[in-house]
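Asks: Let me give you the structure first, and then I'll get to my questions.
The values are calculated or read from the model by the stated rules, or taken from the named source; none is laboratory data. Remember, predicted model here, so these are calculated numbers, not experimental data. Positions of Cβ are backbone-derived with ideal geometry, glycine not excepted, and every protein chain shown enters the neighbour counts. Each accessible area value is taken on the protein alone, full model and side chains, heavy atoms only, with ligands, DNA and RNA left out. Shrake-Rupley method; radii C 1.70, N 1.55, O 1.52, S 1.80 Å.
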Amino acid sequence: MSIKNRYLILLILIPWTCLAHSVTAWERDLRDKASFLVQASLRETPRIVADLETFGEPALPLLEAMLNGNLHYRVSDKRLVIADSQSAGQILIIDAVTAEKLQDSRKRLLTKVRVNNQLRKQIRRIISRITLGSLNASVRLKAVNNMLYNLNPQSIGLLAEAKKIETDGDVLKLINLTLAINDLRTSDESHVLLDAIITVRGNLEPIVFNTISTLLKENKANQRVRHDEYLLSQIKRVHAELQTKIKFYELTERLYYGLSLGSVLLLAASGLAITFGVMRVINMAHGELIMLGAYTTYVVQLLLPSYIEFSIYIAIPCAFLVSGGVGIMIERFIIRFLRDRPLETLLATFGVSLILQQSVRSLFSPLNRQVSNPDWLSGSLEINPIFALTYNRLYILLFALIVFANLVLIIKKTDLGLQIRAVSQNREMAKCMGIKTDRVDALTFGLGSGLAGLAGVALSQITNVGPNLGQAYIIDSFMVVVFGGVGNLYGTLVGGFSLGVINKFLEPLAGTVLSNIIVLIFIVFFIQLRPSGLFPEISRVSK
């Protein structure tokens, strides 16, 4: 029966059914028909499955479960169920007809409905017919998309029929693409191939490029195009256009990932730029302050398991306060006694980093912890079939820019920022003007440490949280600060994004480790030529 006839039958039957039957009656009829699967032999099952097709979309969950081997019946009452998940011998089951969640059942109390390969082929054809005849355009679009990557003569016949009555533009476009791909694979006629090439031109679905590449290779082997120079030139032209577009979007994707890495480096290095620029302290515990911010995000989620969507809003200020508070303690109890002794400060903060790492291992164990992403941070924004922007990295990029903008406002427009700039330019003169430099040092170190905590929040959304999380970014953060210019925030901005993009463009060519080494060598040579970095700090006195 054609899809068009099915539509006519549905249009006739649905109004009558709505008047004569309730939803419960539909469920009862479907349940009665499906119940024959319990006692049927493999020889009888195809007839029952064919009868289930008449119920249309309500029978889809049952048929799909049967195809995937998840359809069972309970030994106690012969009720058909779908095994949803299993753990430790327990199976969470749902009713195969109503999708009602039932209580857990032991696996030994369920019996699987048997299927074989011939039956699976029949079920696939039935599912294709039902979904192609759906009144929901999104269901039809999904069905055609599945057929695009599983082409066979039966599906091509169904698509040819569906094309005659399809009204949705997106579905029709995908049907034409699928039929064109089939023509490129099977046809030897020049005019058919030419029409197919025109149809697929500019489409970035991976199967399009692969099919055209295969066609060109086959032409070299057996002259499938039959010496049609114009057709061959068109095929090569479309192939070259697709290659150019794919390379462009691959480069765009690398740029996006480079900016994403740069945003993390910007968050991590901003705090380091402030503390290093004002206090000339080489803080080797900065990576552990990033780690504390990530663990704070993890703890907030543990405390608010039912509010994952909003927990990150609470984690941001909490991470800033936790890391900032620890930073102030480090400055008050250690660094203030080692001022103007940079090597001893380096060793002391290195010891602090070991203490913080071991404390976290003792409290949370050495195993990595996973922080759940809210729904609005999951998934991706699909630009085309080969390029998509993942939401977590996109929001981290925006978050980094917002934090940086607020940091600039603090430094430029607040009393604390004025005092920080005064101390960084001339500490002795600032002290003579009545600025409490010790207080400024503590608040500056706390601000820089709080920014490290915000970097930890961002990292928790793209990687696992562990005791060694910060170690992977501490060296890169120092390189950003030195490359951009010590104490210069705009230099940190440019340096962070520059090194992030350079890293991501080098990784496909040299690998992750070698690309990091190349960047390090580049920084060394750059500092030899320009010791003050890209944007040197302007100071009234030499430090």
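Asks: State which entries of 413/504; 217/247; 173/217; 33/173 exceed 32 angstrom in Cα-Cα distance in the structure shown.
Replies: 413/504; 33/173
Asks: I would also like to ask the following. How large is log10 of I(q)/I(0) for segment 293-448 at q = 0.08, 0.16 Å⁻¹ when the intensity is taken from the Debye formula with one equal scatterer per alpha-carbon?
Replies: Result of the Debye calculation: -0.36, -1.09.
Asks: Per residue, how big is the convex hull around the C-alpha atoms of segment 124-213? Give it to me in cubic angstrom, could you?
Replies: 93 Å³
Asks: Leaving out ligands, DNA and RNA, what percent of the accessible area of the chain is carbon and sulfur, probe 1.4 Å?
Replies: Whole-percent figure for carbon plus sulfur exposure: 60.
Asks: Using the Kirkwood formula over every pair of different C-alpha atoms, what hydrodynamic radius in Å results for segment 386-486?
Replies: In segment 386-486 this quantity evaluates to 15.9 Å.
Asks: Related question: Explain nothing, just the number: relative contact order of the chain, from Cα pairs under 8 Å at least 6 residues apart, as a whole percent.
Replies: This gives 16 percent for the chain.
Asks: If I take R0 = 25 Å and measure r between the Cβ atoms of residue 333 and residue 365 in this structure, what FRET efficiency does the formula 1/(1 + (r/R0)^6) give, to the nearest 0.05?
Replies: Efficiency computed from Cβ-Cβ geometry: 0.35.
Asks: Can you report the principal axis dimensions of segment 316-401 using only the alpha carbons, biggest first, rounded to whole angstrom?
Replies: Per principal axis, max minus min of the Cα coordinates gives 57, 31, 24 Å.
Asks: Mean residue ellipticity at 222 nm from the helices of the chain, using -39,500 (n - 2.57) per DSSP H segment of n ≥ 4 over the full residue count, to the nearest 500 deg cm²/dmol?
Replies: Taken over the chain, the calculation gives -23000 deg cm²/dmol.
Asks: Report ³J(HN,Hα) in whole Hz for each residue of segment 362-379, in order, from the Karplus equation J = 6.51 cos²θ - 1.76 cosθ + 1.60 where θ = phi - 60°; Gly and Pro get x.
Replies: Per residue, the Karplus-derived 3J(HN,Hα) values read 5, 7, 10, 6, x, 6, 5, 10, 9, 9, 6, 7, x, 4, 6, 9, 9, x Hz.
Asks: Let me ask something else. Roughly what angle does helix 512-529 make with the longest principal axis of the chain, taking Cα atoms, 0 to 90 degrees, to the nearest 10?
Replies: 30 degrees
Asks: Please work out the average accessible area per residue across the chain, using the 1.4 Å probe convention, and give it in Å².
Replies: 52 Å²
Asks: Got a sec to turn the phi values of segment 449-462 into Karplus ³J(HN,Hα) couplings, 6.51 cos²θ - 1.76 cosθ + 1.60 with θ = phi - 60°, whole Hz, x for Gly and Pro?
Replies: 5, x, 5, 5, x, 5, 4, x, 4, 5, 5, 5, 8, 10
Asks: Once amide H atoms are built 1.01 Å from N in the peptide plane, which residues 5 or more positions from residue 390, or in another chain, come under 5 Å H to H?
Replies: 381
Asks: Oh, and also: Output the peptides 361-372, 261-272 sorted from most to least packed, where packing is the average of other Cβ atoms within 10 Å over each peptide's residues.
Replies: Top of the packing list down: 261-272, 361-372.
Asks: With each pseudo-label sitting 7 Å past Cα toward Cβ, what's the residue 302-residue 412 distance in nm, one decimal?
Replies: 4.1 nm
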